[in-house]
Every structure is written in C-alpha cells, then in structure tokens.
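The values are calculated or read from the model by the stated rules, or taken from the named source; none is laboratory data. Just so it is clear, the structure is predicted and the values come from calculations on it, not from any experiment. With ideal geometry, Cβ positions are generated from the backbone for all residues, glycine too; neighbour counts draw on all protein chains shown. Note: accessible area is taken over every heavy atom of the protein model, side chains too, but ligands, DNA and RNA are not part of it. Shrake-Rupley method; radii C 1.70, N 1.55, O 1.52, S 1.80 Å.
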Amino acid sequence: MATYAIGDIQGCYESLCCLLNEIKFNPANDTLWVAGDLVNRGPESLKVLRYIKSLGKSAKVVLGNHDLHLLAVARGAQARKRKDTFNDILDAPDVEELMDWLRHQKMMVRDKARKVVMTHAGVPHIWRIREAKQHAKELESVLRGDQCDSFLNAMYGNEPEGWRDSLEGVARWRVITNYFTRMRFIDASGVLDFDSKLGPLNAPEGYKPWYDYVRPGTTKIIFGHWAALEGNVPNPQMVAVDTGCVWGGKLTALNLDTWQKISCDCRFDERVSVEKG
C-alpha cells in the first residue's frame, strides 16, 4: 500500500498512464493525491478526468485554476479562452456528471498522521495550517452549494490583493481561491503579485516566492502550479510536484512514504502544438 502525490497533469493522459505504470499504481491498494490542474492545455483532458473520477476513494483531488476555469465555462459562468483544450469534456455525454464530481473535490487535502497537506499553489505564510483548512472548507461549501454559479461568475479578479479577516462574500472567496490556486510571489503582509509567472529569481521588488517565508510547525506542504520551479524548492518543508509535463517536461509522482520522486517524460509540448496550429 502506497500513497503518491502527482503533479499537474493538464490533459496529458499518455504521460499519466506512463507514470502510473512506472510506479506500479494499483487503485485496489494505493492512493493517488492529485495536485490540481487535471485538465487544459494538453490533448486529452476528457480521458484524464474520467480516469481520475473512476478511481473513487483511491484518489484525493484538489482543484487548480484550470479545473475551476473548466467548471466556470461548463456552467456558463465564463467564456472559453483561445488556448482552452477541453472541448472534448464540454461535448461529452457525461459532462454534467463530470462537472458535478469536479465541484465536489477539495481545495486542500490533509493527512495529520503524516503531517502533510496539499493544495494546488501552496499555503500562504499568513495562515496557520488549521486556518487554511477552515478557509478551504468554506470555499468547498460554496462550490458544492447554491452559491456556486454566482461565485464562478465573479471568480476572476486580482482584488482583494491580500487577506483581511473582515472580508465577506465573493471578495472573501476570490482571495481564498487566489491563494490556493494562483499564488507564486507574495509580500510579508500577504499581498499577492499576479503579473510574474517566471522563476523564483524574478521576484518583483518587495515580494518573495511564497515558500521562502518561515512557517511554524513541521507540516510539509505539497503543491503544483509553478512549472518554472522544475520541482526544485530550497525549503525542505515545501515539496513542488509540477515539473512542466504540458510544456515538454516531465510528469512527477511523489511517494509520501519514502519522499522519493519518480518521473515520466512527457510526449507533448503545448508550445509546439500552438505553433503547429
């Protein structure tokens, strides 16, 4: 019995199959933690979504920004973007079933015994793990409830830039979403930078990579989202698992028992696909 955390799949189904074969994943005994961004930019988002859904309790999924975008488009809350590659899902006969499953996934997974959590983009230093879990549950409740569509309609935006306990409604939910799914650079007070998507050496003035801030406790944080890191983080408390599969890099699984990383070369590069298109 083993538990693996796997990085951003983004519709790269062949790479997923290759990696699962490499780690000899057996859903009857093993568990797969998926760090978000199951879909988009890659060629086979529908196959990825159906497979992860089919794993049932053998998969623990957190939502990434691309997953939330798919949900917003499918529910008519947002328009499709030029680079979106999830038409196969939107045209599928089981799209409603898939979207209902997707909006019931988590924003944060926690294993207290292992002292490890996983979100798509990380956990800001201004929140203790317990607080982050509470905020994750709040947003999960919104996505699963009657306020889902009203939130998805107003989900996009960079305001508020940072957390305040007094925030309410959509503004509060949006900043929670931005921390969990879009965060890269952040300042000491918790204000996010949304402009830079480059590597950690390109931090805007006054900002640092979110994982550079000292956190109390010993809980490890597993995250994806930031492909430019190539899976390398200097802080041993943080573990990056997005190794740029959709950009011609690798798809990576992290064994939560041994902390060993296993990777499979990707057979797809979104940049080349766009050029050919």
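Details
- Restricting the stretch 123-176 to residues that are part of a loop (DSSP other than H, G, I, E, B) and among the small types (Gly, Ala, Ser), the residue that is most open to solvent (accessible area, probe 1.4 Å): 166
- Hits in the stretch 37-91 - residues which are open to solvent by less than 10 Å² (accessible area, probe 1.4 Å) and more than 18 Å from residue 224 (Cβ to Cβ): 72, 89
- Strands (runs of 3 or more DSSP E) fully within the stretch 193-275 counting 3 or more residues that are open to solvent by 40 Å² or more (accessible area, probe 1.4 Å) and either at pLDDT 90 or above or not hydrophobic (A, V, I, L, M, F, W, C) (or both): 261-265
Conditions (1) touching a residue at least 40 places away in the same chain (Cβ under 8 Å); (2) in a strand (DSSP E or B), marked per residue:
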| position | (1), (2) |
| --- | --- |
| 26 | no, no |
| 29 | no, no |
| 33 | yes, yes |
| 38 | no, no |
| 43 | yes, no |
| 51 | no, no |
| 60 | yes, yes |
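- Among the conditions (1) of a type in the set (S, T, N, Q); (2) open to solvent by 60 Å² or more (accessible area, probe 1.4 Å); (3) within 25 Å of residue 214 (Cα to Cα); (4) in a helix (DSSP H, G or I), residue 189 misses just one, which is (4).
- The selection criterion, being polar (S, T, N, Q) and under 19 Å from residue 152 (Cα atoms), does not hold for residue 29.
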